[in-house]
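Visitor: Here you go, one structure.
The values are calculated or read from the model by the stated rules, or taken from the named source; none is laboratory data. The model shown is predicted, which means the values in this text are computed figures rather than measured ones. Don't worry about glycine lacking a Cβ; one is built from the backbone with ideal geometry, like all the others, and counts go over all protein chains shown.
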Amino acid sequence: MRWRRGYLRVVRSSFATVPFYRELWALGGHTDPVLLPGKAAVDGGAVVPSALTGRVGDLVPLAGGPADIDPWRGLGPVLAEHLAVTAGALVAVVDPTTPRPPVDLPEGVRSCVLDPAGLGGAYAGVFDEVANHLRRGERVVAVGGDKDLDQLAAALPELLAHRLTRAPVRAPDDLPSPVGPVALIAHPLLGVLGALGGCGRWHLDHCRVYLRATSAGAAYTLLRQRSPRLVDVIAGSGRPGLCPRHGTPVVEP
Amino acid sequence: MTLTARVHDPRADDEPSGWAEFGARCGLHAVWDYGLMRLEAWMSRNPAVLGVVRDGDRIAAAATVLICRPWWRKPRYASTPTTRTACGWPRWAEVYTPWLSGYPAVVFDPDLTDDGRRAAVRAFERAVLRHVGPGLMGITYSPVYADTVSVLNRPLCRTWRNDPTTVLPNEWSTEDDWLATLSKARRTSIRRYARKIDRDPTLEVREGWGRTDTDPHELATLINRHRARLGGLPRDPRTAVAGAFLAELLRRKDVRLLTYRDADGTLLAANTLLDHPSSIVLQHWAALAPAEGGRHNLYFDCYLRCVRHLISAGRDELTSGRGLVDVKTSLGFRERELHTVAVPRLAVGAR
Ligand SMILES: [Zn+2]
């Protein structure tokens, strides 16, 4: 299957060019695909996020590349697919930690970043922009944790708060039965991995994200991010599945 | 004398029998440890393989050889040895130790005559040719000492002189004796830096053999950053230093790690010293640049500490590789000539 072929390509190329995975798999092994016959691998060669602390430089291929982790990577394509976000919309990322706006939004979509603690202070200007956008009847999609979105909504006049499209994010280890119609799966290292589909299943952004089950949990791979390379990063305990309605890969919590 | 030669790929082949005994006989440094060579080979673009020449069962000569891909190709680690077969892609072989820039990578049994050495070289080169296949463009030996040039040289070969390595012969019984031979300015400055470092409460200096208290990846990052800042060698056959290799190296009882840390724990500078019965090696020196928060003059403190070991342990010499010859000369180091011998494909294995 094409999805799997993309993953195999990333694993082989990471073994051949990325210091972190070279070290991990040459010494520790990797299964499925087996890179070195006869070498048993711990957790199939998957890696826990804490093992990447301080090692981001080693995730850059030998030929060089960026070493920045973008916690909102993949936001654009997922919003475009699941929330039909198109030109003219404003995407407001509500996040007390993020230093920069998302970079992969569809053309014509604007974005801003808000710290929910600074709506009346440092972020007052941005907050006004969000409110004005809503007042004009234009679409604003707010992305963030439930509590952060609540804070933003509470700061808006009630009428405007109702117009806000909320896209709450869930960690891959926290995928409960859905409470609302919209939710995204996001991870601090891996970025946005997928979203809740209309079918009620957690759909993966399968063009960019691969999921594999290992003994240590769900291992995610970014199929298109060349650098820093993220392969088989453990996050949560979901298993890959196929949506019977859409025929595309989902995470089964 | 019947010589046989074989190339061992440390990633796939077992340690050659008698390897440790040969290492002891020829006084090889820690980096010739087969386990370390295995780690090095896995983490290399141009993996070092070990050529071993035997006279009967006994090892008579050995060489570490980097099998190099053309430098213009996109950088990648070497392909896995199980899938490697001798192939037609262009490769050349550098007889070179990636970890010791001032020492030859070809070593002969001390009892081997010059004729024996020539025969061993021929057997070795043919083994390299078999290992690499028809794509082999040539073999360079770099560096070698002057007395080996005549053993390696033959028609079609080219030889030239390299930058020299630096050597401090031990002619003293105390540290003060050594300091007394330096210029007054150098002597005073070394003492002043040492006092200043000693009294600086914001600086943590630690040295020790076989240390396991330092994150090897942190050290690797510092070394690679230092190398990158100095610009590296053109067509450098080496790959960035890997933490996995350092982890194993530092664990050895004959490797001393010296670290300088800031009050907040930032690794400012580090040095590895390889012990040896006669020729000890100031191997890595890496430091943050002052612009990155690094400190001045730790370099001289590091040399003082290495010379201290040279004298107190009664070793014959301290070597400190190539480069910065002026500074090293001011510390009493002398130059040792190094040469390169380049053997084109047509002369490989020839008399
Ligand atoms: Zn579905």
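Visitor: Just checking, does the stretch B:267-275 include any residue being within 14 Å of chain A (Cβ to nearest Cβ) and farther than 14 Å from B:Leu168 by Cβ?
Guide: Checked against the condition, which is being within 14 Å of chain A (Cβ to nearest Cβ) and farther than 14 Å from B:Leu168 by Cβ, the stretch B:267-275 yields at least one hit.
Visitor: Considering only the stretch B:78-91, I want to know if a residue exists there that is in contact with a strand residue (DSSP E or B) (Cβ under 7 Å, 6 or more places away or on another chain) and either of a type in the set (Val, Ile, Thr) or in the same structural domain as B:Ala120 (by TED's automatic domain parsing) (or both).
Guide: Applying the first criterion (in contact with a strand residue (DSSP E or B) (Cβ under 7 Å, 6 or more places away or on another chain)) to the stretch B:78-91 yields B:90-91.
Imposing the further condition that a residue be either of a type in the set (Val, Ile, Thr) or in the same structural domain as B:Ala120 (by TED's automatic domain parsing) (or both) reduces the set to B:90-91.
Yes - at least one qualifying residue is present in the stretch B:78-91.
Visitor: Also, I was wondering about something else. Working only within the stretch A:14-47, note down all residues that are crowded, with 17+ Cβ neighbours inside 10 Å, of a type in the set (A, V, I, L, M, F, W, C) and away from chain B (no Cβ under 12 Å).
Guide: A:Ala41, A:Ala46, A:Val47 - these are the residues of the stretch A:14-47 that are crowded, with 17+ Cβ neighbours inside 10 Å, of a type in the set (A, V, I, L, M, F, W, C) and away from chain B (no Cβ under 12 Å).
Visitor: Across the stretch B:218-248, what is the total count of residues that are in a helix (DSSP H, G or I) and either within 14 Å of chain A (Cβ to nearest Cβ) or buried (at least 18 other Cβ atoms within 10 Å of the Cβ) (or both)? Reasoning before the result, please.
Guide: Restricting attention to the stretch B:218-248, the residues satisfying the condition of being in a helix (DSSP H, G or I) are B:218-229, B:243-248.
If we keep only those that are either within 14 Å of chain A (Cβ to nearest Cβ) or buried (at least 18 other Cβ atoms within 10 Å of the Cβ) (or both) as well, we get B:218-228, B:243-248.
Adding up the residues that qualify gives 17.
Visitor: Are there strands (runs of 3 or more DSSP E) fully within the stretch B:1-69 with at least 2 residues that are farther than 17 Å from B:His131 by Cβ? List them. Break it down stepwise before answering.
Guide: Details: elements: B:3-8, B:48-55, B:58-68.
The qualifying strands (runs of 3 or more DSSP E) are B:58-68.
Visitor: What strands (runs of 3 or more DSSP E), lying completely within the stretch A:157-253, carry at least 1 residues that are within 16 Å of the ligand (Cβ to nearest atom) and of a type in the set (Val, Ile, Thr)?
Guide: On the way: elements: A:165-170, A:184-187, A:191-196, A:202-204, A:209-214, A:217-222, A:239-242, A:249-252.
In the stretch A:157-253, the matching strands (runs of 3 or more DSSP E) lie at A:184-187, A:209-214, A:249-252.
Visitor: Turning to a different aspect of this structure: Mind listing just one residue for me: the one in the stretch B:1-42 that is in contact with a strand residue (DSSP E or B) (Cβ under 8 Å, 6 or more places away or on another chain) and within 19 Å of B:Thr272 (Cβ to Cβ) and, of those, surrounded by the fewest Cβ atoms within 10 Å (Cβ to Cβ)?
Guide: B:Gly27
Visitor: Scan the stretch B:249-264 and give yes if some residue there is out of contact with any Phe, Trp or Tyr (no Cβ under 6 Å at 6 or more places or on another chain), under 19 Å from B:Pro169 (Cα atoms), in contact (Cβ under 8 Å) with a residue 40 or more places away in the chain and away from every other protein chain (no Cβ under 14 Å), otherwise no.
Guide: Keep residues of the stretch B:249-264 that are out of contact with any Phe, Trp or Tyr (no Cβ under 6 Å at 6 or more places or on another chain), which gives B:249-252, B:254-255, B:257-264.
Next, only the ones that are under 19 Å from B:Pro169 (Cα atoms) stay: none.
No, the stretch B:249-264 contains no residue that is out of contact with any Phe, Trp or Tyr (no Cβ under 6 Å at 6 or more places or on another chain), under 19 Å from B:Pro169 (Cα atoms), in contact (Cβ under 8 Å) with a residue 40 or more places away in the chain and away from every other protein chain (no Cβ under 14 Å).
Visitor: Test each condition in (1) surrounded by fewer than 17 Cβ atoms within 10 Å (Cβ to Cβ); (2) under 30 Å from A:Arg239 (Cβ atoms) for A:Gly145 and report the one that comes out false.
Guide: (1)
Visitor: Now, a different point. Please determine whether any residue of the stretch B:203-217 is free of Cβ contacts under 8 Å to residues at least 40 places away in the same chain, within 14 Å of chain A (Cβ to nearest Cβ), of a type outside the set (Asp, Glu) and crowded, with 18+ Cβ neighbours inside 10 Å.
Guide: Kept after step one, since they are free of Cβ contacts under 8 Å to residues at least 40 places away in the same chain, are these residues of the stretch B:203-217: B:212-213, B:215-217.
If we keep only those that are within 14 Å of chain A (Cβ to nearest Cβ) as well, we get B:215-217.
Still in the running and of a type outside the set (Asp, Glu): B:216-217.
From what's left, crowded, with 18+ Cβ neighbours inside 10 Å: B:216-217.
Yes: the stretch B:203-217 contains one or more residues that are free of Cβ contacts under 8 Å to residues at least 40 places away in the same chain, within 14 Å of chain A (Cβ to nearest Cβ), of a type outside the set (Asp, Glu) and crowded, with 18+ Cβ neighbours inside 10 Å.
Visitor: Hey, another quick one. Out of all the residues in the stretch B:1-35, which are among the hydroxyl-bearing types (Ser, Thr, Tyr) and either within 17 Å of the chain's Cα centre (by Cα) or within 14 Å of chain A (Cβ to nearest Cβ) (or both)?
Guide: Of the stretch B:1-35, the ones among the hydroxyl-bearing types (Ser, Thr, Tyr) are B:2, B:4, B:17, B:34.
Within the stretch B:1-35, just B:Tyr34 meets the criteria.
Visitor: To continue, here is another question. Residue by residue through the stretch B:167-185, note down the ones that are buried (at least 17 other Cβ atoms within 10 Å of the Cβ) and over 27 Å from the mean Cα position of the chain (by Cα).
Guide: Residue satisfying the conditions is B:Leu179 alone.
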